[in-house]
Structure formats: C-alpha cells, structure tokens
Amino acid sequence: RAKTEGRGTFRVYQDAMDAKARERTLIELELRDAVENGEILPYFQPLICLRDGRIEGYEILARWIHPSFGLVAPDRFIAVAEEAGLIGDISLSLLEQACEQARDWPKGTYLSLNISPVQLRDSQLSTKICDILDRIGFSATCLEIEITENALVHDVDVARRTLISLKARGMTLALDDFGTGYSSLQHLRSLPFDKLKIDQSFVMSMSESAESRKLVKAIIAMSHSLGLKTTAEGIETHAHALRLTQMGCETGQGYLFGKPSPQARQAWVAEAIGAA
Ligand code: C2E
Ligand code: MG
Ligand code: MG
Ligand code: MG
C-alpha cells in the first residue's frame with residue numbers, strides 16, 4: 001500500500017514538475033520575440049524624497065504584456081531571460097523606452113534600472129548604456145543602477161570592474177534588497193556603492209517587530225557612517241514612512257506613494273507622507 005501511495009505522490013510531483021518545465025519552455029519561446037514585438041514595457045514606481053515628499057526619481061520595473069497571457073510579472077520571466085541570454089537586450093530596451101518617456105520630465109528626475117548578474121559579466125555594459133543615453137540626451141548622472149546582493153556572490157572581481165566603469169561615467173550605484181543576501185558587509189567594503197536599498201521585508205515587519213525597527217535604524221546609521229544614502233522599499237503605511245523619516249532615511253518607495261505604473265506620475269505627494 002505504501003508503495004502505491006508513494007508512486008501516486010511521485011506521479012503528482014512529476015506532473016507538477018512537467019507543468020513547471022512546460023511553462024518555462026513556453027515562456028522562453030515566447031520571450032525570444034517579445035522585445036522586437038514591443039511586448040516588454042517599463043513600468044515606473046516613484047522614489048520619494050522623505051524630507052519634502054517630492055518625487056525625486058522612478059525605478060524602472062519590467063512588465064511583459066503578452067497578447068494572450070496578458071500581464072506577466074518579472075518573477076515569472078526575468079530568471080528565464082537570464083538563462084536564455086535575453087536579459088541584456090531586455091534591459092537595454094527598457095532603458096531606452098524609459099529615457100524616451102523621461103525627455104520632458106523636470107530636470108534632475110532620475111531613473112533607476114535593475115541590472116542582472118549576467119550583465120555585470122559584459123565588459124561593454126557601460127558603453128552600451130551610454131550609447132543609449134547619448135542618443136536620447138539623458139544624463140548618466142540621472143541614472144541609478146540597482147544590483148541585488150545575490151548577484152554579487154559569484155565573480156566579485158568581474159562585477160567590480162563593470163561597476164567601476166559605470167560609476168566612472170557618472171551613474172549612481174545602489175545595492176538592492178540589502179539584508180537578504182550573502183556577505184553583504186563585505187560587498188559594502190569592496191564595491192563602490194553610493195546607496196543602500198533596505199529590503200522590504202525589514203520595512204514591512206517594523207510595526208510588529210522591535211528587532212526589525214532596531215535593524216532598520218542600525219542599517220541607516222551604518223550606511224551614513226560609510227557615506228551612503230538609503231532608500232527604504234515596501235513602504236505601505238504612514239507610520240512606516242514617518243518612522244523611516246525620523247531615522248534619517250533619505251528616500252522612500254512603496255505602495256503608499258505609488259504602485260508601478262506604465263505612466264510616470266509627475267506630481268507632488270507631500271500630502272502622502274503627512275507631517276514629514
Ligand atoms: P526589486 O528591484 O526589489 O523591485 C521592488 C519590487 O517590490 C517590485 O516588484 C515592486 O513592485 C515591489 N514593491 C514596491 N513597493 C511595494 C510595496 O509597498 N509593497 C509590496 N508588496 N511590494 C512593493 P516587481 O515589479 O514585481 O519586481 C520584482 C523583482 O523583479 C524586482 O525586485 C527585481 O529584482 C526584478 N526586476 C524587475 N524588473 C527588472 C529588470 O528590468 N531587470 C532585472 N534584472 N530585474 C528586474
Ligand atoms: Mg530594484
Ligand atoms: Mg529591491
Ligand atoms: Mg526585490
């Protein structure tokens with residue numbers, strides 16, 4: 001009996017695996033033409049100056065609008081794109097579209113682009129990015145590059161070279177999802193970051209957990225003593241925004257201020273953070 005049950009369980013597991021593998025194959029196949037077909041679009045999520053409530057920039061977040069699947073979230077296709085060697089083209093296409101849209105934004109508004117580990121292995125990355133910026137007339141000093149910590153675990157030396165060349169062109173470097181990866185402190189010591197993005201898991205648990213509050217406070221203090229700025233991700237409540245502002249966090253991002261949207265919203269949102 002145990003044997004049949006075991007086999008049944010295996011069958012269910014196998015079917016689930018097959019379904020996953022099928023979805024992957026399908027996504028990869030469809031993804032190959034997606035950029036050319038104009039299906040991968042930049043969505044924009046506002047980055048708020050916590051001192052005055054002004055929108056200081058926007059993070060570019062990839063969305064795939066497939067003619068029959070509909071809207072596909074990045075966690076369903078970014079990893080596939082990385083493995084299929086498509087992430088570089090996707091990323092540059094997003095940057096180009098975003099810069100086009102940013103043409104008539106207020107001066108100084110910056111864009112923040114997520115970069116995959118695979119792209120850090122490309123020694124031509126900074127040249128490719130600058131070609132786009134030059135063509136559109138968008139200043140490199142208004143481009144921030146976000147790298148997740150996990151991306152840095154392999155090939156730190158290769159990553160360092162690419163990061164240095166991006167910075168030399170005037171871009172700002174942000175360490176994304178800080179606190180969730182490996183040997184984060186070592187990365188801070190050896191790589192030329194300008195900014196830390198505190199992972200949303202710390203921010204979201206601030207109301208229930210005194211430990212989270214202490215950690216967030218300590219992270220902000222640490223980054224300031226290292227000469228880095230901080231952005232807090234995942235701000236959904238006024239209470240969190242207020243607390244982070246009091247802790248000296250410079251920039252806020254989260255549903256409280258705005259969800260990612262296809263059109264950047266140029267407005268003042270001081271009222272959204274109340275007294276801050
Ligand atoms: P991320 O770079 O850490 O981006 C922040 C994610 O948190 C976004 O999810 C955003 O929609 C979500 N978020 C922002 N504020 C809140 C909030 O208040 N509450 C909640 N619950 N979530 C919030 P999204 O757009 O689904 O992107 C997920 C991840 O996919 C990104 O995490 C990033 O790692 C990756 N990604 C997105 N676009 C790109 C891209 O163009 N290239 C690469 N390499 N990765 C990308
Ligand atoms: Mg990011
Ligand atoms: Mg993040
Ligand atoms: Mg994240």
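The values are calculated or read from the model by the stated rules, or taken from the named source; none is laboratory data. Everything numeric in this text was worked out from a predicted model, so none of it was measured. Cβ placement follows ideal geometry from the backbone for every residue including glycine, while neighbour counts extend to all protein chains displayed. Accessible surface is based on the protein model in full, side chains and every heavy atom, while ligands, DNA and RNA are left aside. Shrake-Rupley method; radii C 1.70, N 1.55, O 1.52, S 1.80 Å.
For the range 225-244, a residue qualifies if it is open to solvent by 60 Å² or more (accessible area, probe 1.4 Å), among the aliphatic types (A, V, I, L, M) and touching a Lys or Arg at 6+ places or on another chain (Cβ under 9 Å), and exactly one does: LEU226.
Looking across the range 97-146, the residues that are over 19 Å from PRO192 (Cα atoms), of a type in the set (Gly, Ala, Ser) and away from ligand 2 (no atom under 16 Å from the Cβ) come down to ALA102, GLY108, GLY137, SER139. When ASP104, ASP131, ASP194 are checked against the criterion of being within 16 Å of ligand 3 (Cβ to nearest atom) and without any contact (Cβ under 8 Å) to a residue 60 or more places away in the chain, ASP194 stands alone in meeting it. Residue by residue through the range 111-124, note down the ones that are in a strand (DSSP E or B) and open to solvent by 30 Å² or more (accessible area, probe 1.4 Å). Answer for the range 111-124, where residues must be in a strand (DSSP E or B) and open to solvent by 30 Å² or more (accessible area, probe 1.4 Å): just ASN114. Any residue at all in the range 70-85 that is within 16 Å of ligand 4 (Cβ to nearest atom), in contact with a Ser or Thr (Cβ under 6 Å, 6 or more places away or on another chain) and assigned to a helix (DSSP H, G or I)? So far as the range 70-85 goes, yes, one or more of its residues are within 16 Å of ligand 4 (Cβ to nearest atom), in contact with a Ser or Thr (Cβ under 6 Å, 6 or more places away or on another chain) and assigned to a helix (DSSP H, G or I).
Does any residue of the range 242-255 turn out to be out of contact with any helix residue (DSSP H, G or I) (no Cβ under 6 Å at 6 or more places or on another chain), modelled with pLDDT of 95 or more, small (Gly, Ala, Ser) and assigned to a helix (DSSP H, G or I)? Within the range 242-255 (the criterion being out of contact with any helix residue (DSSP H, G or I) (no Cβ under 6 Å at 6 or more places or on another chain), modelled with pLDDT of 95 or more, small (Gly, Ala, Ser) and assigned to a helix (DSSP H, G or I)), the answer is no, since none of the residues qualifies. Restricting attention to the range 210-221, does a residue exist that is touching a residue at least 12 places away in the same chain (Cβ under 8 Å), closer than 24 Å to CYS142 by Cα and open to solvent by less than 10 Å² (accessible area, probe 1.4 Å)? The answer is yes; a qualifying residue exists.
Which one is farthest from ASN114 (Cα to Cα) among residues in the range 183-233 that are among the hydroxyl-bearing types (Ser, Thr, Tyr) and within 16 Å of ligand 1 (Cβ to nearest atom)? It comes out as SER207.
Would you confirm, using the coordinates I've provided, whether VAL35 is out of contact with any Cys (no Cβ under 8 Å at 6 or more places or on another chain) and farther than 19 Å from LEU125 by Cβ?
Numbers: out of contact with any Cys (no Cβ under 8 Å at 6 or more places or on another chain): yes; farther than 19 Å from LEU125 by Cβ: no.
Judged against the criteria, VAL35 is not a match.
Residues in the range 77-100 that are closer than 14 Å to LEU143 by Cα and either of a type in the set (Val, Ile, Thr) or open to solvent by 40 Å² or more (accessible area, probe 1.4 Å) (or both): GLU96, GLN97, GLU100.
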